[in-house]
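Asker: Please read through the structure below; I'll follow up with questions.
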Amino acid sequence: MMRKKRVLVVGGTGYLGQHVLQGFSEIQATTPCDLALTHHSNPPPPALLTAFPHLLSFHVDLKTGQGFQAISQTFGPPDVVINCAALSVPRACEMDPAAAMSVNVPSSLVNWLLSLEESNSLLIHLSTDQVYEGAKSFYKEDDETVPVNVYGKSKVAAEQFISEKCSNFAILRSSIIFGPQTVSPVPKSLPIQWIDGVLSKGNTSEFFHDEFRCPVYVKDVVAAILALSKRWISDGKQTKLLLNVGGPDRVSRLQMAETVADIRGYNPSLIKSVSASTVDRGVKSPADISMDITKLVQTLGVTPTSFRDGVRLTLSTEVKS
């Protein structure tokens, strides 16, 4: 009997982390694997441990690397590591650049993986569309990275660190991730649910018409991670891959709100169009970081959900739950 593959989700109690665990639990019949997560601020809530009864959980400090040794001893060297952990609020990064660098550049994680004697793992690292300057539309992976804020700079530094140190990795530059709430609800506000909540109260709200992204449905991000993991588990071919992971539609915050209003039947006059330049958010934000996702589709065979369909799926899930 071959042993089950070991999958470690770093930042597994967060929004994407929980969806990734869900994804792996759904392919157990075809790709059996042992699952573990790391957490930092909050231990895994009971709902999460109930949903994934065989899940191992480890407290890890990414700044110091404390806690990784326990994973080696109790779980063993992982075959696949998905790094979802990040300080991802741009304003918080701006206020504490040192913390942003020490959390977002996964030096302790990578050094631990390199120290494992029988380690032969694939590192899947979540990056961001905010590595791009935002001066044009539909950035490609080989376009120059010119981040305009500390968050973007920390993620570029992470990409460079991984590229220099690791021999087997996939870096996923993700746009805004949206979709249904997690098994154990996360405290941060989710984009579509937030817009829905604001508009459902019947108050007029302002949305930017001049900042563009390619929001990506969470299950499409998970599909990309699963495709990479399955490929590594089945053929063992090392890879050095950089992929834009966005949805197929370039939309502004205004268009996001209009889509929610249209699907829900809210009064469109509640939505007020404003320029991003009229609001001081305490952090510089790129104007247009829409991405070309041709490489994602061709390399992994993942066809991301349209923004409208993703919103519809998100809202129908919210109604059910």
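The values are calculated or read from the model by the stated rules, or taken from the named source; none is laboratory data. Note that the structure is predicted; figures quoted are calculated from it, not measured. Neighbour counts are summed over all protein chains in view; Cβ atoms, including those assigned to glycine, are modelled from backbone coordinates with ideal geometry. The protein model used for the area step is the full one, side chains on, heavy atoms only, and it has no ligands, DNA or RNA in it. Shrake-Rupley method; radii C 1.70, N 1.55, O 1.52, S 1.80 Å.
Asker: Select, from Val183, Val146, the only residue that is among the hydrophobic types (A, V, I, L, M, F, W, C), part of a loop (DSSP other than H, G, I, E, B), open to solvent by 40 Å² or more (accessible area, probe 1.4 Å) and modelled with pLDDT under 95.
Answerer: Working: Val146 fails: modelled with pLDDT under 95.
That would be Val183, the only listed residue that is among the hydrophobic types (A, V, I, L, M, F, W, C), part of a loop (DSSP other than H, G, I, E, B), open to solvent by 40 Å² or more (accessible area, probe 1.4 Å) and modelled with pLDDT under 95.
Asker: Additional query: Exposed (fewer than 15 other Cβ atoms within 10 Å of the Cβ), touching a residue at least 24 places away in the same chain (Cβ under 8 Å) and in a loop (DSSP other than H, G, I, E, B): is that true of Ser167 in this structure? Before you say what the answer is, go through the steps one by one.
Answerer: Values: exposed (fewer than 15 other Cβ atoms within 10 Å of the Cβ): yes; touching a residue at least 24 places away in the same chain (Cβ under 8 Å): yes; in a loop (DSSP other than H, G, I, E, B): yes.
Answer is yes for this residue.
Asker: With a cut-off of at least 1 residues that are more than 24 Å from Ser234 (Cα to Cα), within 21 Å of the chain's Cα centre (by Cα) and basic (Lys, Arg), name the helices (runs of 4 or more DSSP H) lying wholly within segment 1-77. Quick ask: steps written out before the conclusion?
Answerer: Numbers: elements: 15-26, 46-51, 68-74.
Of the helices (runs of 4 or more DSSP H) lying wholly inside segment 1-77, none has at least 1 residues that are more than 24 Å from Ser234 (Cα to Cα), within 21 Å of the chain's Cα centre (by Cα) and basic (Lys, Arg).
Asker: Quickly run through segment 251-271 and pick out the residues that are in a strand (DSSP E or B) and either of a type in the set (Phe, Trp, Tyr) or touching a residue at least 60 places away in the same chain (Cβ under 8 Å) (or both).
Answerer: Step one: list which residues in segment 251-271 are in a strand (DSSP E or B), which gives 251-252, 271.
Result: Ile271, single match.
Asker: Please determine whether any residue of segment 148-156 is over 24 Å from Pro97 (Cβ atoms) and touching a residue at least 12 places away in the same chain (Cβ under 8 Å). Quick ask: steps written out before the conclusion?
Answerer: If we filter segment 148-156 for residues that are over 24 Å from Pro97 (Cβ atoms), which is where we start, we get none.
Looking for residues that are over 24 Å from Pro97 (Cβ atoms) and touching a residue at least 12 places away in the same chain (Cβ under 8 Å), one finds none in segment 148-156, hence no.
Asker: Any residue at all in segment 299-311 that's of a type in the set (S, T, N, Q), touching a Cys at 6+ places or on another chain (Cβ under 8 Å), surrounded by 15 or more Cβ atoms within 10 Å (Cβ to Cβ) and under 16 Å from Ser174 (Cβ atoms)? Please lay out each step first, then the result.
Answerer: Filtering segment 299-311 for residues of a type in the set (S, T, N, Q) gives 299, 303, 305-306.
Those left that are additionally touching a Cys at 6+ places or on another chain (Cβ under 8 Å): none.
No: segment 299-311 contains no residue that is of a type in the set (S, T, N, Q), touching a Cys at 6+ places or on another chain (Cβ under 8 Å), surrounded by 15 or more Cβ atoms within 10 Å (Cβ to Cβ) and under 16 Å from Ser174 (Cβ atoms).
Asker: Now a separate question. Being part of a loop (DSSP other than H, G, I, E, B), touching a residue at least 40 places away in the same chain (Cβ under 8 Å) and among the hydrophobic types (A, V, I, L, M, F, W, C): is that true of Val302 here?
Answerer: Working: part of a loop (DSSP other than H, G, I, E, B): yes; touching a residue at least 40 places away in the same chain (Cβ under 8 Å): yes; among the hydrophobic types (A, V, I, L, M, F, W, C): yes.
Taking the combined requirement at face value, the residue satisfies it.
Asker: Being touching a Lys or Arg at 6+ places or on another chain (Cβ under 8 Å), crowded, with 19+ Cβ neighbours inside 10 Å and not in a strand (DSSP E or B) is the requirement here; does Val103 meet it?
Answerer: On the way: touching a Lys or Arg at 6+ places or on another chain (Cβ under 8 Å): yes; crowded, with 19+ Cβ neighbours inside 10 Å: yes; not in a strand (DSSP E or B): yes.
Considered against the rule, which asks whether it is touching a Lys or Arg at 6+ places or on another chain (Cβ under 8 Å), crowded, with 19+ Cβ neighbours inside 10 Å and not in a strand (DSSP E or B), Val103 comes out as yes.
Asker: Further question: Residues being aliphatic (A, V, I, L, M), within 18 Å of the chain's Cα centre (by Cα) and closer than 25 Å to Ile233 by Cα: count how many of those fall in segment 84-142.
Answerer: Applying the first criterion (aliphatic (A, V, I, L, M)) to segment 84-142 yields 85-87, 89, 92, 95, 98-101, 103, 105, 109-110, 113-114, 116, 122-124, 126, 131, 135.
Going one step further and asking which of them are within 18 Å of the chain's Cα centre (by Cα), we end up with 85-87, 89, 92, 100-101, 103, 105, 109, 122-124, 126, 131.
Those left that are additionally closer than 25 Å to Ile233 by Cα: 85, 109, 122-124, 126.
Selection size over segment 84-142: 6.
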